[in-house]
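Below is one structure; the comments refer to it alone.
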Amino acid sequence: MSSSTNPTSTAYQKAVQELGLKPNIAKALEIPDRELTVEVPFRRDNGELESVIGYRVQHNNTRGPFKGGIRYHQHVDIEEVRSLATLMTWKTSLLDIPYGGGKGGIGVDPSKYSKTEIERMSRRFFRSIDPIIGVNIDIPAPDVNTNAQIMSWFMDEYSQIHGYSPAIVTGKPLELGGSEGREAATGRGTAIITREAAEKWGLELKNSKVVIQGFGNVGSYAGKFLHEYGCKIIGVSDVTGGLYNPDGLDIPSLFEYNYQNRTINGFKKGKKISNEELLALDCDFLIPAALGSAINDSNVHLINCKVIVEAANGPVTGEAANKLWDRKVPIIPDILTNAGGVTVSYFEWVQNLQQFKWTEDDVNKKLEEKMVHAFDEVFALKQQKKVPMRIASFMVAIDRVYNAYTLREG
Ligand code: NAD
């Protein structure tokens, strides 16, 4: 990804300039603290040995232990993991969570392996990164194609060596110390941020028209909570295509259908549309909640919404963001919008350390407070400096790490 299309790198440079940071420290904060590449040998079900490559990048721990998910995908490589680890440093700082940033992954297509093969691979990977992780050092979590079951194997593997340690990973099942509210957290946070944006941009939330691209964990929960706020969700899509109803889709039924079937394909109510048509719908809020670079130079001219709320990581490229800025379409950036997940991960870790379980109500209230506070901080800085929300978010996040770094290193 070139720096002009990588919104994170462009935003970092602009934020550093706006903040007037010392270039040597700004440079130091870009460099990851540690990168580990490991060979992960594991036995296939037919008895043959196979090896895959795994990574853990620890970007920065100035404000707390490294924190970030582990992804299994054939496109995972050191560059992708590095850039996602960096993003985690800014995201945890923006929410003022006492963590740094990290990320990991294995370059593998997990759909090609059985559950027992994935278990052996996961356990071996976790043993391989054991020397650099720890409850107060680096706390992994699920990401693309990893889940609560894989976190259980990680936790078990670590606990066999170090003693019972639920706080070593987050995103665990409730039975092993997972947190109430974690599954819905990123979608809930996205809905809260959309609600706050509506207020600041003077848009009536009730009956506002919302379009959501991607109806997985994040998109479906965002849709559910926005529907509960009174929004009309007029369009949603997943990898199979989209559904449209100008009067609002039946979100409770669609949520249930999607929860059971893991797709919206086959849901009978709503007109079928393509993903391209979905992005072009006239609406108040467009919420890309699927893939990176979904809104790019080739389709940005189609966008017909009042506000974009980035629920996926990096769904608007840098070039597209510049064009939308010229058209005065605000973008609420990913590091703010989708930070609900890592926030409740942090709550899970705190509960594990305290050996005390919070109610779902406690979790949701604390999430709400954190999200609203971060939104207000970013919005105030955006107004003061007359910069886009993305740059203001990076400014808040980088400044916090910069000050902590200067205190520790200076
Ligand atoms: P998911 O796998 O549960 O859902 C992804 C959804 O996107 C699915 O509905 C899928 O069908 C759809 N999709 C895939 N390709 C598409 C395409 N070409 N067009 C339209 N839809 C398409 O994933 P998720 O956990 O909901 O994550 C979504 C995004 O949010 C990712 O970018 C992820 O990195 C980011 N994110 C997730 C979390 C979290 O807690 N789950 C936290 C932070 C960021």
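The values are calculated or read from the model by the stated rules, or taken from the named source; none is laboratory data. This one's a predicted model, so the numbers in the text were calculated from it and none came from an experiment. Cβ atoms come from the backbone with ideal geometry, glycine included; neighbour counts cover every protein chain shown. The protein model used for the area step is the full one, side chains on, heavy atoms only, and it has no ligands, DNA or RNA in it. Shrake-Rupley method; radii C 1.70, N 1.55, O 1.52, S 1.80 Å.
Here are a few things to note about the model shown:
- Relative contact order %, the range 33-166, counting alpha carbon pairs below 8 Å whose residues are six or more apart: 28 percent
- Interchain or long-range residues, amide H under 5 Å from GLY171's placed H: SER179
- The distance separating the Cα centre of the range 351-410 from that of the range 33-88 comes to 26 Å.
- Vicinal HN-Hα couplings computed from phi for the range 70-78 (Karplus, 6.51 cos²θ - 1.76 cosθ + 1.60; Hz; Gly/Pro x): 10, 10, 10, 7, 5, 8, 5, 9, 5
- Longest to shortest principal axis, alpha-carbon extents of the chain, angstrom: 55, 55, 42
- Backbone phi angles across the range 123-133, fed through the Karplus curve with coefficients 6.51, -1.76 and 1.60 (θ = phi - 60°), yield HN-Hα couplings of 4, 5, 4, 5, 5, 5, 9, 3, x, 10, 10 Hz in residue order; Gly and Pro are listed as x.
- All C-alpha pair distances within the range 33-166, sorted into 5 Å bins from zero, spread as 2, 11, 22, 24, 20, 13, 5, 2, 1, 0 percent across the bins.
- Charge dipole magnitude, Cβ of K and R +1, D and E -1 - the chain, Cα centre, debye nearest 20: 460 debye
- Computed from backbone phi with θ = phi - 60° and the Karplus coefficients 6.51, -1.76 and 1.60, the 3J(HN,Hα) list for the range 205-210 is 6, 4, 6, 5, 9, 10 Hz; x is used for glycine and proline.
- Protein heavy-atom accessible surface, 1.4 Å probe, per residue over the chain: 42 Å².
- By definition, a body whose alpha carbon gyration tensor gives a ≥ b ≥ c is oblate when a/c is 1.5 or more and a/b is not larger than b/c, and the range 279-321 fits this oblate description.
- Available extension along the chain between THR406 and LYS386 is 4.5 nm, counting 0.36 nm per residue and deducting the alpha carbon span.
- Contact order for the chain, expressed relative to its length and based on alpha carbon pairs under 8 Å spaced 6+ residues apart, stands at 17 percent.
- The portion of the accessible surface of the range 270-393 made up by carbon and sulfur, rounded to a whole percent, is 52 (1.4 Å probe; DNA, RNA and ligands excluded).
- Calculated [θ] (222 nm, deg cm²/dmol) that DSSP helices of n ≥ 4 give over the chain, each run adding -39,500 (n - 2.57): -15000 deg cm²/dmol
- Förster radius 56 Å - calculated FRET efficiency between TYR164 and LYS328 (Cβ-Cβ, nearest 0.05): 0.55
- Centre separation in Å (Cα based) which lies between the range 120-177 and the range 186-260: 33 Å
- Subtracting the Cα-Cα distance of GLU79 and LYS206 from 0.36 nm times their residue separation leaves 41.5 nm of extension gain.
- Taking 7 Å steps out from each Cα toward its Cβ at LEU176 and HIS373 produces label points 3.1 nm apart.
- Accessible-area composition of the range 33-166, carbon plus sulfur, in percent [1.4 Å probe]: 46 percent
- Cα-Cα pairs of the range 223-308 separated by more than 14 Å (percent): 64 percent
- Contact order normalised by residue count of the range 185-337, Cα under 8 Å, 6+ apart, percent: 22 percent
- Convex hull volume per residue, computed on the Cα atoms of the range 185-337, equals 91 Å³.
- Net length available on complete extension from SER274 to ASP130 is 47.3 nm, with 0.36 nm assigned per residue and the Cα-Cα distance removed.
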